[in-house]
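J.: Can you read through this structure? Questions will come right after.
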Amino acid sequence: PQFVDLNMLESIEGLTASQPELTGDNYLETAWNAGTYEGSQYTIPLDIHGNVMYYNTDLLEKYDATEFLEDNVVTIDEMLSLEGKLDEGDYVVNNALIEWVALGNVVNLGGQISDDAGNPTINTPEMKTVVEALKSIADKGLMTPYGEDGYAIFQAGNVLFSTDGTWTVTAHSSVEGLNFGMTNIYSVTPDKFTNRSSSHMFALLNNEERSDEKEAGIADFLDWMRENSLEWAEAGQIVASRDVFESPEYEKYPQSFFTSSEEEKEASYIFEYKYYSYVEQALGTVLNDMIHGNIEVDEGLQQAQKQVEDLIKENAS
């Protein structure tokens, strides 16, 4: 949205006229819709890459927790049930991409990060509930310690769940002896799960000197990518092309789990708020401190709310 408002992008109308297969029906709906703004389409998606949860299969078996995975949503209550059952040095979950975990869980509770008028809504009852729930995990010693590399602790085999990104599958696969799987981000509620996501997209910068022939060549390239982007799955990405993610070849990749049902597709959630980056930045400034008790939750949320409001004012000026 910001690029469009700054008059930096043009719509893809000319591309779709040249290549009619470049249409929303041929892509993941979530990825396609992320490029729609004020009734016009400005992007062609390559993928969805987002927050996912890896699990250590050996530790799940060791602590009799494999049943957590049965309904595709691991809850915070299930995690808390492991209090007092872990060996010293083992943890239930790390704090990797914890801002994304929090934002997805706000959606689970029916909250949002902006109101209908476009104002940021960080300091809300939903966000407070989420942060307090995350804090309860840390308070019981079940989250990797503050300041330590929870990602590395997972790869060392001492964490049941790691909340990082789809692309991390390549790194985890290279760790000898690490037996892992992939599932949805854990939730504050058993009724819903959300995997905060984003998308790599192709867009056209405004350029009056671009010829019709060059634009037709761009369209041909994008259509070729639509048919031949399976290799992008090697990098752990959720490929946006329907031709690819519905193909038998794609099923061998663990991230195919996230296009295996309509419920999973809908769970890949892309925030479309114009100032989303400000929200993530402000939340990241205070979230770990709130979770680990270095500042009060109310104080941290007030600080994050003000930071986003100030950044928006700076942008407007």
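The values are calculated or read from the model by the stated rules, or taken from the named source; none is laboratory data. Worth saying up front: this structure is predicted, and the values here are computed from it rather than measured. So basically every Cβ, Gly included, is an ideal-geometry build from the backbone, and we count neighbours across all protein chains shown.
J.: Can you give me the ranges of the helices (runs of 4 or more DSSP H) entirely in the range 1-99 with at least 2 residues that are touching a Gly at 6+ places or on another chain (Cβ under 9 Å) and at pLDDT 95 or above?
T.: Values: elements: 2-5, 13-18, 29-33, 57-62, 76-80.
Output list reads 29-33, 57-62.
J.: While we're here: Name the residue, out of Ser174, Ser199, that is among the polar types (S, T, N, Q), modelled with pLDDT of 95 or more and in contact with a strand residue (DSSP E or B) (Cβ under 6 Å, 6 or more places away or on another chain).
T.: Matching residue, one of Ser174, Ser199: Ser199.
J.: Additional query: Would the range 204-217 turn up any residue that is part of a strand (DSSP E or B) and either over 21 Å from the mean Cα position of the chain (by Cα) or modelled with pLDDT under 95 (or both)?
T.: yes
J.: Let me ask something else. For the range 131-154, name all the residues that are of a type outside the set (Ser, Thr, Tyr) and buried (at least 18 other Cβ atoms within 10 Å of the Cβ).
T.: Correct list: Val131, Ala133, Leu134, Ile137, Ala138, Leu142, Met143, Gly150, Ile153, Phe154.
J.: Follow-up question, since we're still on this one. Can you tell me which of (1) loosely packed, with under 14 Cβ neighbours inside 10 Å; (2) in a loop (DSSP other than H, G, I, E, B) is the one Thr170 doesn't meet?
T.: Thr170 satisfies all of (1) loosely packed, with under 14 Cβ neighbours inside 10 Å; (2) in a loop (DSSP other than H, G, I, E, B) except (2).
J.: Scan Ala235, Ala203, Ala240, Ala216 and give me the residue that is crowded, with 19+ Cβ neighbours inside 10 Å and either outside the structural domain of Glu78 (by TED's automatic domain parsing) or under 29 Å from Leu6 (Cβ atoms) (or both).
T.: Ala240
J.: Among the residues of the range 117-130, is any of a type in the set (Asp, Glu), surrounded by fewer than 17 Cβ atoms within 10 Å (Cβ to Cβ) and modelled with pLDDT of 95 or more?
T.: no
Table: residues versus (1) without any contact (Cβ under 8 Å) to a residue 60 or more places away in the chain; (2) in a helix (DSSP H, G or I); (3) touching a Pro at 6+ places or on another chain (Cβ under 9 Å); (4) not assigned by TED's automatic domain parsing to the domain that holds Asp116.
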| site | (1), (2), (3), (4) |
| --- | --- |
| Tyr269 | no, no, no, yes |
| Val279 | no, yes, yes, no |
| Met290 | no, yes, no, no |
| Asn294 | no, no, no, no |
| Glu299 | yes, yes, no, no |
| Gln302 | no, yes, no, no |
| Gln307 | yes, yes, no, no |
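J.: Taking the options Tyr54, Tyr91, name whichever one is hydroxyl-bearing (Ser, Thr, Tyr), buried (at least 23 other Cβ atoms within 10 Å of the Cβ), in contact with a strand residue (DSSP E or B) (Cβ under 9 Å, 6 or more places away or on another chain) and more than 22 Å from Val239 (Cα to Cα).
T.: Tyr91
J.: Does any residue in the range 192-216 that is of a type in the set (Asp, Glu) come within less than 6 Å, Cβ to Cβ, of a residue that is outside any strand (DSSP E or B) six or more places away or on a different chain, and which pairs are these?
T.: What qualifies is Glu215/Gly14.
J.: Conditions: (1) under 16 Å from the mean Cα position of the chain (by Cα); (2) surrounded by fewer than 17 Cβ atoms within 10 Å (Cβ to Cβ). Asn72 meets all but one. Number of the miss?
T.: (1)
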